[in-house]
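For reference, the structure discussed in these notes is given below.
The values are calculated or read from the model by the stated rules, or taken from the named source; none is laboratory data. None of these values were measured; they are calculated from a predicted model. When we count neighbours, we look across all protein chains shown, and the Cβ atoms used for this are built from the backbone with ideal geometry, even at glycine.
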Amino acid sequence: MPLFKFSIFILALLISFSSMAQVKNKTTKPKTEKSKIELSFNLGYSYPLLEAHGDKVTINAAEDQVFIDGKRLLVSDNFGTNTGYSAQTFFKYSFLSKGRAKILFNLGYNNLHGTYPGPSGYDIGVRIQSFSIGAGAEINPIGHEKTFYPGVFGLLRANFVGGETFHRAGLDFFKVTPRYGYSAGFKLNYNLKRNLGMHLGYSYSYDNLWNKQADETVTGDEHVIVLRDKSSTTNGLDSDRRIAYWSLYLGMNFFFN
């Protein structure tokens with residue numbers, strides 16, 4: 001009997017201490033906001049628009065020159081691409097409470113390409129690639145604390161653009177050249193855990209809005225060519241060549257304490 005009474009006494013003490021601890025936690029440890037620092041990654045599908053898009057790609061009889069609408073890549077009316085993919089990384093810092101507004105820094109890669117049946121069983125095609133560095137802002141109207149929340153964003157970017165035509169191996173190569181543009185879109189975010197989430201997004205990008213060049217420089221190598229994207233009366237282009245595309249992507253969000 002003394003042992004039973006002693007056990008009841010210990011149990012009562014434990015319940016009391018547990019209740020006191022819970023009250024203390026509720027009063028001294030309120031729920032904190034998510035971290036202000038976020039890192040996001042995504043992979044997606046890209047579709048070329050404007051002069052980036054084309055589908056009339058052929059090769060000459062000697063199999064050493066690819067033509068787009070009857071013209072070489074240097075002076076073609078479009079770039080002959082019809083599909084693509086994208087990989088993007090975003091570093092974010094919240095400057096409003098609950099993540100309603102964030103500063104963005106972006107590192108990204110986009111590949112637009114077109115591949116077509118060629119002679120002797122080898123494909124012919126074109127690639128236009130952009131390596132990007134950018135900065136901008138993201139707005140999440142209801143913040144990022146909810147399980148599900150939408151967001152919109154915009155970025156100004158420096159894009160290092162290159163490309164090539166190919167058949168078995170590369171034929172004509174663009175000398176990598178800086179261009180400047182923007183990317184903007186929206187995201188639907190879903191929080192899996194407090195520090196982990198995922199997102200589905202859409203963006204529109206224009207990689208050479210600024211700094212188009214009517215460059216007539218000769219590189220010294222007939223297969224290494226300059227990126228002419230601004231028309232002139234002497235450079236062989238009838239109109240500007242704009243590199244634009246939309247992307248649909250899926251990614252992950254990581255928040256750091």
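Please find, among Arg168, Arg100, Arg179, the residue that is basic (Lys, Arg) and under 25 Å from Gln213 (Cβ atoms).
Arg179
Yes or no, residue by residue, for (1) surrounded by fewer than 18 Cβ atoms within 10 Å (Cβ to Cβ); (2) small (Gly, Ala, Ser); (3) out of contact with any Lys or Arg (no Cβ under 9 Å at 6 or more places or on another chain):
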position: Phe79; (1), (2), (3): no, no, no
position: Asn82; (1), (2), (3): no, no, yes
position: Thr89; (1), (2), (3): yes, no, yes
position: Lys92; (1), (2), (3): no, no, no
position: Ala158; (1), (2), (3): yes, yes, no
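Could you tell me whether Ala184 is in a strand (DSSP E or B) and over 17 Å from Ile128 (Cβ atoms)?
The answer is yes for Ala184.
Any residue that is in the same structural domain as Ala135 (by TED's automatic domain parsing) and outside any loop (DSSP other than H, G, I, E, B) - is there at least one of those in region 226-243?
No, there is no match, as no residue in region 226-243 is in the same structural domain as Ala135 (by TED's automatic domain parsing) and outside any loop (DSSP other than H, G, I, E, B).
Could you list, in sequence order, the residues of region 78-98 that are more than 19 Å from Asn111 (Cβ to Cβ) and within 9 Å of the chain's Cα centre (by Cα)?
None - no residue of region 78-98 is more than 19 Å from Asn111 (Cβ to Cβ) and within 9 Å of the chain's Cα centre (by Cα), so the list stays empty.
Let's see how each residue does on (1) within 22 Å of Ser35 (Cα to Cα); (2) in contact with a Phe, Trp or Tyr (Cβ under 7 Å, 6 or more places away or on another chain); (3) exposed (fewer than 15 other Cβ atoms within 10 Å of the Cβ):
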site	(1), (2), (3)
Ala101	yes, yes, no
Asn106	yes, yes, no
Leu112	no, yes, no
Pro119	no, no, yes
Tyr122	no, no, yes
Glu138	yes, yes, no
Leu196	yes, yes, yes
Asp207	no, no, no
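Determine whether Ser40 is in the same structural domain as Tyr182 (by TED's automatic domain parsing) and assigned to a loop (DSSP other than H, G, I, E, B).
no
Loosely packed, with under 15 Cβ neighbours inside 10 Å and not aromatic (Phe, Trp, Tyr): does that describe Ala214?
When the stated conditions are applied, Ala214 does not pass them.
Assuming Leu250 fulfils every condition listed in (1) outside any strand (DSSP E or B); (2) surrounded by fewer than 15 Cβ atoms within 10 Å (Cβ to Cβ) apart from one, which condition is it?
Failing condition for Leu250: (1).
Let me confirm something: among Gly143, Gly108, which residue is part of a strand (DSSP E or B) and either modelled with pLDDT of 95 or more or in the same structural domain as Lys56 (by TED's automatic domain parsing) (or both)?
Unique residue meeting the criteria: Gly108.
For (1) among the β-branched types (Val, Ile, Thr); (2) over 22 Å from Thr115 (Cβ atoms), each residue gets a yes or a no:
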| site | (1), (2) |
| --- | --- |
| Asn42 | no, yes |
| Ala52 | no, no |
| Thr83 | yes, no |
| Phe91 | no, yes |
